[in-house]
Amino acid sequence: MPSLPLALIYDPPQPGRALQQDAVARLAIGIERLGLRTPVSVRPASRIRDGKPADVWEIVAGRHRVAAVRKLGWSEIEAIVLDPNDVDCELWQIAENLRAELTVQERADNVARWVKLTGDKNKGATCADIPKGRGQPQGGVNAAVRDLGIDRTEAQRSVKIASITPAAKEAAREARLDDNQSALLRIAKAAPSEQVSAVRQIVEQKAVKPAPAPLNDVETEEQWMTAIMRVWNRGAPQWRERFIETVERPIFDHTRAGSAA
């Protein structure tokens, strides 16, 4: 496995995926003690350096690891070099994106892209042949459910939300609706030419909407379940296993033990 110079490793801008400095600091401590256990993944790319095109390595997975070793003063890092034209390369990057804190819109865009890529990949298409837009094959939904650990409803809703026009997505972001799933689904139902107007209507209705009544027990439970499932779907497999082990661990009831004595 090659070691690449950090000076030539480039982290492309990724809206909504700012580096978490506390995570970088924790990684730096762990790497300094134990070494780099998992290499980063990169792909060949070109970037303008000193006014001229230059060959660099673009990070696919491992942004925080790269930042951590830079913090430690390393000059090189072990890396897996991926084929830049391979569909799996983009799928890997999407999977990495989905581990971050994303808005509902950003998450939907990533899941829908996964659906599109895997659906067309199963048909034998190349990455260059894959258009963006509607009409994702059902095979891609099945792949998202299987590989991303999400349910079919989330995959289907993601495809709908991702189909919102760019202008409407920007309007929703400015109106702070990009993390509101019900609002985004409502916008997606409108005709493309009417989606920006749909954003305005939602904003206007929210402005005059009276304060909601207190939640009853059923509604509160539903909201908690939705929040828990959202976090669960974002978690890595090893964290899900740890959560299950923690939940199923027997709890010693000190109150009962004391009364029995």
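Once both labels are positioned 7 Å from their Cα atoms along Cα-to-Cβ, the gap between K206 and R230 label points is 1.3 nm. Ordering of 155-166, 70-81 by packing is 155-166, 70-81, highest average first (other Cβ atoms within 10 Å, averaged per residue).
From the P(r) of region 3-83, could you give the percentage of C-alpha pairs in the tail past 21 Å?
For region 3-83, the fraction of Cα-Cα distances above 21 Å is 28 percent.
Charging the Cβ of each Asp and Glu at -1 and of each Lys and Arg at +1, and nothing else, the dipole of region 89-208 about its Cα centre rounds to 340 debye. Shown for V115, V218: other C-beta atoms within 10 Å of each C-beta, ranked fewest to most, produce the order V218, V115. Classify region 89-208 as rounded, prolate or oblate from the Cα gyration tensor: take a ≥ b ≥ c as the square roots of its eigenvalues, call it rounded if a/c is under 1.5, otherwise prolate when a/b beats b/c and oblate if not. Prolate shape, in that a/c is at least 1.5 and a/b is the bigger ratio.
Taking the Cα centre of region 3-83 as origin, work out the dipole magnitude from +1 charges on Lys and Arg Cβ and -1 charges on Asp and Glu Cβ, in debye rounded to 20.
200 debye
Quick one: net charge around R33, please, counting Lys, Arg +1 and Asp, Glu -1 for every other residue with C-beta under 15 Å from its C-beta.
Spelling it out: positives minus negatives among the neighbours equals +3.
Arranged from highest to lowest average of other beta-carbon atoms within 10 Å per residue, in what order do the peptides 51-59, 224-232 appear?
Taking the mean over residues of other Cβ atoms within 10 Å, the ranking is 51-59, 224-232.
In this structure, the pairs whose alpha-carbon distance is over 30 Å, taken from K71/K121; K121/K189; K160/K206; K71/K116; K121/K169; K52/K116, are K71/K121; K71/K116; K52/K116.
Near E76, the amide H atoms lying under 5 Å from its own belong to L6; only residues 5 or more places off or on other chains count, and H is placed 1.01 Å from N. Amide H contacts of E58 (H built 1.01 Å from N, in plane; Pro and chain starts excluded): Y10, R43, A45 sit under 5 Å, all sequence-distant by 5 or more or on other chains.
We did not get these values from a lab; they are worked out from the coordinates using the rules stated. All figures in this text were calculated on a predicted structure; none of them were measured in a lab. No Cβ is skipped: glycine too gets one built from the backbone with ideal geometry, and neighbour counts run over all protein chains shown.
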